[in-house]
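I have placed the structure first, in the form of structure tokens, so that the comments after it can refer back to it.
The values are calculated or read from the model by the stated rules, or taken from the named source; none is laboratory data. In this text, all values refer to a predicted model and were calculated from it rather than measured experimentally. Quick reminder, even Gly has a Cβ in these numbers, built from the backbone with ideal geometry, and neighbours come from all protein chains shown. Ligands, DNA and RNA are stripped out before the accessible areas are found, and what is left, the full protein with its side chains, is counted by its heavy atoms. Shrake-Rupley method; radii C 1.70, N 1.55, O 1.52, S 1.80 Å.
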Amino acid sequence: ELKEIVFIIQSQSNSFHSKRAEDLKRDILKQAADLGKELPTVLLIHQMDGHEGAWTILPLMRDFSVTYGRNSSWIFFCEEDTRIQVVKLLETLGRFDASKEWFLGKALYDEESTIIHHYAFAENPTVFKFPDFAAGWALSIPLVNKLAKKLKSEPLKSDFTIDLKHEIALYIWQKGEGPHLTSVPEFCTDDLNSNKVDHCATTFSNFLPLCGESVKKEDVFVAVKTCQKFHADRIPVVKQTWEREAALIEYYSDYADISIPTIDLGIPNTDRGHCGKTFAILERFLNHSSPRTPWLVIVDDDTLISIFRLRKLLSCYDPNEPVFLGERYGYGLGTGGYSYITGGGGMVFSRIAVQKLLASKCRCYSMDAPDDMVLGMCFSGLGIPITHSPLFHQARPMDYPKGYLSHQIPVSFHKHWNIDPVKVYFTWLAPNREESLNGKKAGYNREDL
């Protein structure tokens, strides 16, 4: 029965995202009402718990077990852009015996072991499957109850949350004692208009959000963090690729080189974190850029980014809200830690977010502290949620499953290791003619990189 499914939308509190999640909730409930069925429970994850780590899902298992453990059969998770055919979903889940432990989803796997997953299954990473959240995924209630019991006796130990879908699958697998992910062909990431979707219970909106006109070039200030030792090899890559997309760009270094030009902020380079340099950039943005420039982007000198796509994406965010946007990681979330935007994929700030941060007394505990983590800690303390976008990437295209990137129009990648970064930019990030003209998804020729 439909009422035995609890729908959990992996929502966020930012106004753009919460509206999309509310729209999806309404759509699920309307489909249920049109079927004449008793309405299911539909929950938005950002409303469920004041706890900073609700987005990591596992800390919520005990609540799920207590509240839904007796009268429900399935917990079904989806993203705000997942589209659900409720009748088809009922049929699909009906094929599985809900009295047994099931972990269902669209399977992803690593082609080769990657640093994102700490080289898990290094011998053969393809053997371990984890769910593509965009397609939706489901846990049977017996499995939810088992996980809740385990979490009660053994609290989560991991310090870092880096790739949630992989980490959840690893936790459920329990070193081979728990269930593997069962791949369900009806959980799809094809676009709703694709000719392949007749058999799909779920589909995924495969596009770059555009909410009106793109943000103007002059509304985005780009700060590139560099240092003298990388001037010769990394900066030329920026200049050959994405620099031309930025109207306002400055390079911040430990050495003033007029040929680039770089600006010496008076902060010595450090081997580890760059907190001192980042806070100096934030101060400079607030005090030296035009107060009419609403957006700041801070990137590393080995970040590859599409400013063209970022301007489209930013059309969906209100610059009058404190926005801190990028790829979300977590630290110590099982024990009341904080979320943060990982720096390599690019960190995007609304001016108001920078103002609120610098008006607080939250600063680096040392000059070489990890800047992205300190920023996460500061914003968490201010009650300003970070906003996650899966289109920013801390690593290279080859570090992600092909199936995961196939339904994305990415905004950034990071690192130049063992790749031709110029080729990566032009294959994955450069706006092609079709995209420039009408904003549609382009048919990329993404040869293996």
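So here's what we get for this one:
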item	result
Of residues in region 109-149 being open to solvent by 50 Å² or more (accessible area, probe 1.4 Å) and over 25 Å from the mean Cα position of the chain (by Cα), the one nearest to Ile28 (Cα to Cα)	Asn145
Filter result for the condition that a residue is open to solvent by 20 Å² or more (accessible area, probe 1.4 Å) and in contact with a Leu (Cβ under 8 Å, 6 or more places away or on another chain), over Gln355, Gln394	Gln355
Lone qualifier among Phe187, Phe160, Phe133, Phe128 - being within 26 Å of Tyr317 (Cβ to Cβ), of a type in the set (Phe, Trp, Tyr) and in the same structural domain as Thr67 (by the TED database)	Phe133
Matching strands (runs of 3 or more DSSP E) fully within region 145-262 where at least 1 residues are small (Gly, Ala, Ser) and within 29 Å of Thr114 (Cβ to Cβ)	220-225
Near pairs, Cβ below 6 angstrom, 6+ apart or cross-chain, from region 268-279 (at pLDDT 90 or above) to any residue that is part of a helix (DSSP H, G or I) and of a type in the set (A, V, I, L, M, F, W, C)	Cys275/Val374
Any hit, region 364-373, residues being in contact with a strand residue (DSSP E or B) (Cβ under 8 Å, 6 or more places away or on another chain) and part of a loop (DSSP other than H, G, I, E, B)	no
Filter pass, Lys100 being at pLDDT 95 or above and either under 20 Å from the mean Cα position of the chain (by Cα) or of a type in the set (Lys, Arg) (or both)	yes
Selected residue (criterion: farthest from Asp399 (Cα to Cα)) from residues of region 421-449 that are open to solvent by 80 Å² or more (accessible area, probe 1.4 Å) and modelled with pLDDT of 75 or more	Phe426
Residue in region 276-295 that is basic (Lys, Arg) and closer than 21 Å to Lys361 by Cβ present	yes
Region 124-148, residues that are modelled with pLDDT of 95 or more and either acidic (Asp, Glu) or farther than 13 Å from Leu108 by Cα (or both)	Asp132, Ala138, Leu139, Ser140, Ile141, Pro142, Leu143, Val144, Asn145, Lys146, Leu147, Ala148
Which numbered condition Lys157 fails, given (1) basic (Lys, Arg); (2) at pLDDT 95 or above; (3) surrounded by fewer than 17 Cβ atoms within 10 Å (Cβ to Cβ)	(2)
Lys37 being touching an Asp or Glu at 6+ places or on another chain (Cβ under 8 Å) and touching a residue at least 12 places away in the same chain (Cβ under 8 Å)	yes
Residues of region 168-207 satisfying the condition of being of a type in the set (Val, Ile, Thr) and open to solvent by less than 30 Å² (accessible area, probe 1.4 Å)	Ile168, Ile172, Val184, Thr189, Val197, Thr202, Thr203
Only one of Leu164, Leu210 that is open to solvent by 50 Å² or more (accessible area, probe 1.4 Å) and within 21 Å of the chain's Cα centre (by Cα)	Leu210
Met373 being aliphatic (A, V, I, L, M) and open to solvent by 60 Å² or more (accessible area, probe 1.4 Å)	no
Some residue of region 384-397 being more than 21 Å from Phe285 (Cβ to Cβ) and in a helix (DSSP H, G or I)	yes
Region 277-305, residues that are more than 25 Å from the chain's Cα centre (by Cα) and hydrophobic (A, V, I, L, M, F, W, C)	Ala280, Phe285, Leu286
Flag for Lys37 being closer than 23 Å to Phe128 by Cα and of a type in the set (Lys, Arg)	no
Selection count where residues are within 16 Å of Thr278 (Cα to Cα) and within 21 Å of the chain's Cα centre (by Cα), scope region 355-408	10
